[in-house]
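First comes the structure, then the notes that go with it.
The values are calculated or read from the model by the stated rules, or taken from the named source; none is laboratory data. What you see is a predicted model; the values in this text were computed from it and never measured. As a convention, Cβ positions derive from the backbone with ideal geometry for all residues, glycine included, and neighbour counts pool all protein chains shown. The protein model used for the area step is the full one, side chains on, heavy atoms only, and it has no ligands, DNA or RNA in it. Shrake-Rupley method; radii C 1.70, N 1.55, O 1.52, S 1.80 Å.
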Amino acid sequence: MMRVLPEKLGLTGEEALDVDVMDIKCSAIMIGSLLSTKGFLPAYHMNKNHWISIVLDNSIPDDQITPLLELSYDSVAPKRRKKHPRPKGE
């Protein structure tokens, strides 16, 4: 999460106040769909093919942000290796 100047996000006609955004990672197909919704912008300072910025101005309800945040976390979190039981005698 970060605070960014509106012009850095391509927003025009906004007040001079900074905008709070959160970058999340998601699939390119999902990004294409989300960008057509108010409150979602191309990622700020990230690869725009895999990341998207969510404007945190209450235009997007928390119950829509939470699953996206969980998907993002799952895609970047270190993968846990499954422990395989060792055969007896080793």
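Observations on the structure shown:
- Selection count, segment 45-55, where residues are touching a residue at least 24 places away in the same chain (Cβ under 8 Å) and either open to solvent by 60 Å² or more (accessible area, probe 1.4 Å) or over 12 Å from the mean Cα position of the chain (by Cα) (or both): 1
- Scanning segment 57-71 for residues that are within 14 Å of residue 41 (Cα to Cα) and among the hydroxyl-bearing types (Ser, Thr, Tyr) gives a single hit, 59.
- Considering residues of segment 1-44 that are open to solvent by 90 Å² or more (accessible area, probe 1.4 Å) and of a type in the set (Lys, Arg) only, the residue nearest to residue 76 (Cα to Cα): 3
- Residue match in segment 38-61 (condition: outside any helix (DSSP H, G or I), farther than 26 Å from residue 8 by Cα and modelled with pLDDT under 90): no
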